[in-house]
Amino acid sequence: MRRAPFAAWAVLAGALAGCSPNPAYYSLAPVPGAPEGGGPRVVELRRVSLAGYLDRQEMVLASQGYRLRITPRSVWAESPADMIGRVLVENLSQRLPGTVVFREATGATVTPRATVAVSVQRFDATSTGPLVLRALVTVSRRDGHATGQVFTLTVPRDADTPDALVASMSAALGQLADRIAGMVAGGAV
């Protein structure tokens, strides 16, 4: 007799689980930019570090005051730090023709002439405002010369949706890659 209520609850839980929608998976994409000349032959991008609130599979859609709006059904298709690193490598490779750009720990056996480190401190939007990307970028050359700079970039969003956020984030990474390429090519180093 005790099995009947348990079985009913199990059937109900299974039915409710079947009603929940599948998550939508998102990935950032590289965007084209203007090529920079004069870069070193080999550049290594260190693993991107992220503020803790960004280091999650669920997308942080917006922040307002002390509250984050996280979309549990909109998730990243890969680790956010890995995805940002992958897109930055693609963006930098396009912007630095003649330069081999690779990510740390990829098995590459070449010695880089410059190393880039990126620490993302903010990468979200307010519910009614633009996307904001704030990142500390350091470029270290093999000769020991190094420099760092904090970039705060804003990109408008077309709507308050995950699709619009991902498009704005991709555009912001393109703008960040423009600045990094300038640093690597010698503009700020």
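Any read-out appearing in this document is the output of simple, stated calculations on the displayed coordinates, not a laboratory observation. These figures come from a predicted structure and were not determined experimentally. Cβ: placed from backbone, ideal geometry, glycine included. Neighbour counts: every protein chain shown.
What residues of segment 144-176 lie in the reach of a label at Ser119, counting those whose backbone N is under 18 Å from a point 7 Å from the Cα along Cα→Cβ?
Counting backbone N atoms under 18 Å from the label point, the list is 146-153.
Just flag the chymotrypsin sites (Phe, Trp or Tyr not before Pro) in segment 47-84 sitting in loop per DSSP whose Cβ has no more than 11 other Cβ atoms within 10 Å.
For chymotrypsin sites (Phe, Trp or Tyr not before Pro) across segment 47-84 that sit outside H, G, I, E and B with at most 11 neighbouring Cβ atoms in 10 Å, the list reads Tyr66.
Principal axis extents for segment 89-189, Cα atoms only, whole Å, descending order, please.
46, 24, 22
In nm, what is the difference between 0.36 nm times the number of residues separating Gln57 and Asp163 and their Cα-Cα distance?
Full extension of this stretch gives 36.6 nm more.
From the list (i) 12.3; (ii) 14.5; (iii) 17.6, can you say which value of mean projected area of the Cα convex hull in nm² was derived from the structure given?
Among (i) 12.3; (ii) 14.5; (iii) 17.6, the one calculated here is (ii).
Please name whichever of Pro156, Ala167, Pro23 sits farthest to the positive end of the charge dipole of the chain, dipole taken about the Cα centre and charges placed at Cβ: Lys and Arg +1, Asp and Glu -1.
Pro23
Report, in whole Å, the centroid distance computed from the Cα atoms of segment 159-189 and segment 93-135.
Rounded to whole Å, the Cα centres lie 9 Å apart.
Using mean Cβ contacts within 10 Å as the protection proxy, how do 165-176, 138-149 order, highest first?
165-176, 138-149
How much length is gained on full extension from Ala24 to Thr154, taking 0.36 nm per residue of separation minus their Cα-Cα distance?
44.3 nm
State the answer as a single residue: which of Ala125, Val139, Ser93 lies farthest towards the positive end of the charge dipole of segment 41-184, with beta carbon charges of +1 for Lys and Arg and -1 for Asp and Glu, about the Cα centre.
Checked the options; the winner is Val139.
When the dipole is taken about the Cα centre of segment 41-184, and only Lys, Arg (+1) and Asp, Glu (-1) are charged at their Cβ, what size is it in debye, to the nearest 20?
Charge dipole of segment 41-184: 360 debye, to the nearest 20.
What does DSSP give for the chain in terms of the percent of beta bridges that are antiparallel, rounded to the nearest 5?
70
Looking at segment 24-110, which GluC sites (Glu not before Pro) are DSSP coil and have at most 12 other C-beta atoms within 10 Å of their C-beta?
Working: sites: Glu36, Glu44, Glu58, Glu78, Glu90, Glu104; in loops: Glu36, Glu78, Glu104.
In loop regions of segment 24-110 (DSSP not H, G, I, E or B), there are no sparsely surrounded GluC sites (Glu not before Pro).
Explain nothing, just the number: relative contact order of segment 41-184, from Cα pairs under 8 Å at least 6 residues apart, as a whole percent.
Details: 271 pairs, mean separation 37.4, N = 144.
That works out to 26 percent.
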